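The values are calculated or read from the model by the stated rules, or taken from the named source; none is laboratory data. Computed from a prediction, not measured in an experiment: that's the story for all the values here. Here the Cβ is made from the backbone with ideal geometry for all residues, glycine too, and neighbour counts use every protein chain on show. For accessibility, only protein heavy atoms count, side chains too; no ligands or nucleic acids. Shrake-Rupley method; radii C 1.70, N 1.55, O 1.52, S 1.80 Å.
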Amino acid sequence: EYAEGRRRAFELPLDWSSIKPFQRAVLRAASHIPFGETRSYGWIAQKIGKPKAARAVGQALGANPIPIILPCHRVIASNGKLGGYGGGLPMKVRLLKLEGAALP
């Protein structure tokens with residue numbers, strides 16, 4: 001459904017027990033980024049109360065155990081560039097295009 005553009009959100013019970021508190025906060029913040037929109041690593045850092053932790057946010061997103069469900073592909077660098085993605089930048093671009101997000 002998601003790959004066909006028919007699903008915009010996932011509402012599943014998640015087991016957060018194996019995810020450390022900082023990464024949990026990062027992933028929860030990322031999960032609130034609306035379909036088709038992007039936010040910066042710095043935005044997430046601000047959102048979780050760690051304004052100087054943008055680089056650590058990127059590392060936490062890079063270790064995301066369920067990337068599409070917790071949409072880390074919607075997080076880009078504050079300069080508008082894509083940043084990184086565990087599945088590779090071509091996949092990040094593909095997911096953002098699928099959602100209709102503006103690309104840098």
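Can you list residue pairs whose Cβ atoms sit under 9 Å apart, with the first residue in region 29-48 being surrounded by fewer than 21 Cβ atoms within 10 Å (Cβ to Cβ) and the second being modelled with pLDDT under 95 and among the β-branched types (Val, Ile, Thr)? Count only pairs 6 or more apart in sequence or on different chains.
31/69
Checking the conditions here, which among 26, 75 is farther than 20 Å from residue 100 by Cβ and in contact (Cβ under 8 Å) with a residue 12 or more places away in the chain?
26
What about residue 81, is it surrounded by fewer than 16 Cβ atoms within 10 Å (Cβ to Cβ), within 19 Å of residue 104 (Cα to Cα) and basic (Lys, Arg)?
So residue 81 fits the description; yes.
The conditions are (1) aliphatic (A, V, I, L, M); (2) open to solvent by less than 50 Å² (accessible area, probe 1.4 Å); (3) more than 11 Å from the chain's Cα centre (by Cα); (4) under 22 Å from residue 102 (Cβ atoms), and residue 9 fails exactly one of them. Which is it?
Unmet for residue 9, out of (1) aliphatic (A, V, I, L, M); (2) open to solvent by less than 50 Å² (accessible area, probe 1.4 Å); (3) more than 11 Å from the chain's Cα centre (by Cα); (4) under 22 Å from residue 102 (Cβ atoms): (2).
Does any residue in region 81-97 that is closer than 19 Å to residue 2 by Cα and aliphatic (A, V, I, L, M) come within less than 6 Å, Cβ to Cβ, of a residue that is part of a helix (DSSP H, G or I) and open to solvent by less than 70 Å² (accessible area, probe 1.4 Å) six or more places away or on a different chain, and which pairs are these?
95/73
May I ask you to verify whether residue 101 is surrounded by 15 or more Cβ atoms within 10 Å (Cβ to Cβ), of a type in the set (Gly, Ala, Ser) and part of a helix (DSSP H, G or I)?
no
Exactly one of (1) touching a helix residue (DSSP H, G or I) at 6+ places or on another chain (Cβ under 7 Å); (2) surrounded by 18 or more Cβ atoms within 10 Å (Cβ to Cβ) is unmet by residue 51. Its number?
Against the list (1) touching a helix residue (DSSP H, G or I) at 6+ places or on another chain (Cβ under 7 Å); (2) surrounded by 18 or more Cβ atoms within 10 Å (Cβ to Cβ), residue 51 comes up short only on (2).
Of all residues in region 50-80 being over 19 Å from residue 2 (Cα atoms) and in contact with a Ser or Thr (Cβ under 6 Å, 6 or more places away or on another chain), which is modelled with the lowest pLDDT?
So, considering only residues that are over 19 Å from residue 2 (Cα atoms) and in contact with a Ser or Thr (Cβ under 6 Å, 6 or more places away or on another chain), the one modelled with the lowest pLDDT is 78.
Need the failing condition index for residue 16 against (1) more than 21 Å from residue 103 (Cβ to Cβ); (2) open to solvent by 50 Å² or more (accessible area, probe 1.4 Å); (3) modelled with pLDDT under 95, just the number.
(2)
Please work out which residue is farthest from residue 29 (Cα to Cα), limiting yourself to region 84-98 and to residues that are in a loop (DSSP other than H, G, I, E, B) and open to solvent by 30 Å² or more (accessible area, probe 1.4 Å).
87
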